[in-house]
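Heads up: the structure comes next, in structure tokens.
The values are calculated or read from the model by the stated rules, or taken from the named source; none is laboratory data. As the structure is a prediction and not an experimental result, all values here were calculated from the model. Because the Cβ atoms are built from the backbone with ideal geometry, glycine has one as well, and the counts that use them run over all protein chains shown.
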Amino acid sequence: MTKQKTKIQMFPDDKNSSSHGRPKLGSLFHNSEPNILLISGETQDDDASTSSHNRHSNVSFPVSPANAITSPNVSPNNYNFISSPFYQTSPFSKSPWLNVQTGESFGLIGSLVREEGHIYSLASAGDLLYTGSDSKNIRVWKNFNEYSGFKSNSGLVKAIVVSGQRIFTGHQDGKIRVWKYSNLKKKAHKRIGSLPTTRDIIITSMNPGNYVEVRRHRNVPWIKHYDAVACMSLDEEHGLLYSGSWDKTFKVWRLSDSKCLESVQAHDDAVNSVVAGFHGLVFTGSADGSVKVWRRELVGKDTKHMMIYTLLNQETAVTSVAVNVTNGVVYAGSSDGLVNFWEQRKHVLNHAGVIRGHRQAVLCLAAAGSLLFSGSADKSICVWKRDTSGFHSYLSVLTGHTGPVKCLTIQENLEERDNGGREWVVYSGSLDKSVKLWRVAE
């Protein structure tokens with residue numbers, strides 16, 4: 001494997017946020033990326049945008065950063081984009097982060113850059129950070145240093161989850177590869193198998209009834225994804241791994257024996273996000289514009305995931321779903337730049353509003369504490385805070401990436417702060433081939 005130079009940039013200067021040498025958006029999105037719509041004030045298709053906007057009566061959006069509040073009763077059709085921070089000189093230009101309420105300054109810890117591919121996936125576990133790219137490599141970082149790495153034979157790395165000493169990677173070629181971490185060996189990470197296992201594939205293939213038709217004149221065993229694995233989520237409590245794919249299904253895997261328990265034909269288009277949430281519910285978002293809720297129920301002697309309702313059904317693709325388990329809130333980002341959210345009240349999920357702060361597609365979401373982070377094709381990360389009444393206030397925009405922000409992951413900083421508040425370390429991966437680390441106080 002050809003050695004590449006690794007650049008670690010601490011407290012970057014203005015050169016890192018300049019527009020010089022920026023890659024064009026058109027070249028950053030692969031042709032295989034399903035239904036990603038990039039919109040801006042100049043190129044937005046009015047017919048496509050208003051068809052979904054008119055469905056919502058409640059809206060949360062950034063107003064002037066000096067009085068960042070939520071107005072839940074303003075129609076999106078009356079929203080004035082001139083007040084958006086993207087259309088005025090941002091007060092945050094001198095600092096990547098400024099808490100508008102206290103004036104306390106936080107910011108960019110540093111950047112990890114390795115010129116080998118766009119960053120498509122992130123996962124953190126303890127003091128290790130895993131990054132996946134279209135170079136087929138998974139890089140492992142520790143304390144700003146490249147600690148280890150491993151490489152798959154094929155397929156860019158679209159999703160990474162970590163369970164104990166096992167690392168699961170989802171790939172463009174439809175495979176889920178399993179790796180084991182051991183800090184006692186010189187080669188810290190070793191591939192130990194894949195999902196489904198070779199043994200299960202052989203057993204399943206013997207029975208013609210185990211095949212499903214995926215295209216004309218093409219049948220595959222139901223336990224295999226036949227298109228890109230776009231997302232994964234862990235249900236540690238029940239020992240399950242969920243994988244969503246562009247083949248329109250999500251599959252359920254038992255971690256104890258790597259067995260595929262179920263394959264659910266979930267959507268009419270690619271599954272872009274699957275999240276194991278609260279009360280045993282599973283949420284899926286798709287390029288068909290819908291967000292669905294599933295519950296694992298006993299059917300005969302087996303358990304099956306049954307769809308209990310559809311939260312959203314729109315024309316624009318749903319690109320990302322995130323769940324705040326503590327507060328019972330579900331977020332869904334879309335290719336039109338909006339974030340819909342629902343809150344659980346008396347065991348029912350009610351639509352609570354729409355957050356709008358991006359000019360282009362929302363590509364990733366992450367929730368932590370009372371905060372929501374939204375990464376976008378417009379190269380920014382918006383930070384929102386949910387108050388006790390459920391309203392979302394706009395706090396800031398984190399800028400510095402020169403390409404679309406494709407993935408986010410968050411860890412809590414457990415070091416005690418003077419004011420007793422919670423603090424988070426946010427990792428953002430971009431198609432500019434960099435990972436940025438931010439320190440954000442709640």
Quiz item: Going by the structure shown, is Thr319 over 21 Å from Lys158 (Cβ atoms) and in a strand (DSSP E or B)?
Solution: no
Exercise. Kindly establish whether Val330 is surrounded by fewer than 23 Cβ atoms within 10 Å (Cβ to Cβ), modelled with pLDDT of 95 or more and under 16 Å from the mean Cα position of the chain (by Cα).
Key: no
Quiz item: Hey, which of the strands (runs of 3 or more DSSP E) in the stretch 248-311, taking only ones fully inside, have at least 2 residues that are under 25 Å from Lys346 (Cα atoms)?
Solution: 271-276, 281-286, 290-299
Practice problem: Might you check whether a residue that is assigned to a strand (DSSP E or B), modelled with pLDDT of 90 or more and in contact with a Pro (Cβ under 7 Å, 6 or more places away or on another chain) occurs anywhere in the stretch 396-407? | Solution: yes
Quiz item: Looking at Ser163, Ser245, Ser148, Ser205, which is the one that is within 26 Å of Ile410 (Cβ to Cβ) and more than 23 Å from the chain's Cα centre (by Cα)?
Solution: Ser148
Practice problem: Would you please name the residue that is modelled with the lowest pLDDT, looking only at residues in the stretch 408-421 that are in a strand (DSSP E or B) and not hydrophobic (A, V, I, L, M, F, W, C)? | Solution: Asn413
Quiz item: Among Lys259, Lys248, which is the only one that is farther than 12 Å from Val318 by Cα and in contact with a His (Cβ under 6 Å, 6 or more places away or on another chain)?
Solution: Lys248
Quiz prompt | Output for the stretch 385-433, where each listed residue is buried (at least 22 other Cβ atoms within 10 Å of the Cβ) and under 16 Å from the mean Cα position of the chain (by Cα) | solution = Pro404, Val405, Lys406, Cys407, Leu408, Thr409, Val426, Tyr427, Ser428, Gly429, Ser430, Leu431
Practice problem: Collect the residues in the stretch 204-227 that are farther than 28 Å from Ile160 by Cβ and either exposed (fewer than 14 other Cβ atoms within 10 Å of the Cβ) or without any contact (Cβ under 8 Å) to a residue 12 or more places away in the chain (or both), keeping them in residue-number order. | Solution: Met206, Asn207, Pro208, Gly209, Tyr211, Glu213, Arg215, Arg216, His217, Arg218, Asn219
Quiz item: Are there any pairs, at least 6 apart or on different chains, whose C-beta atoms fall under 9 Å, with the first in the stretch 283-296 and on the phi < 0 side of the Ramachandran plot and the second assigned to a strand (DSSP E or B) and of a type in the set (Lys, Arg), and if so, which?
Solution: Phe283/Lys292; Thr284/Lys292; Gly285/Lys292; Ser286/Lys292; Arg296/Lys304
Quiz item: Residues in the stretch 382-404 that are closer than 14 Å to Leu372 by Cβ and out of contact with any Asp or Glu (no Cβ under 8 Å at 6 or more places or on another chain): how many?
Solution: 12
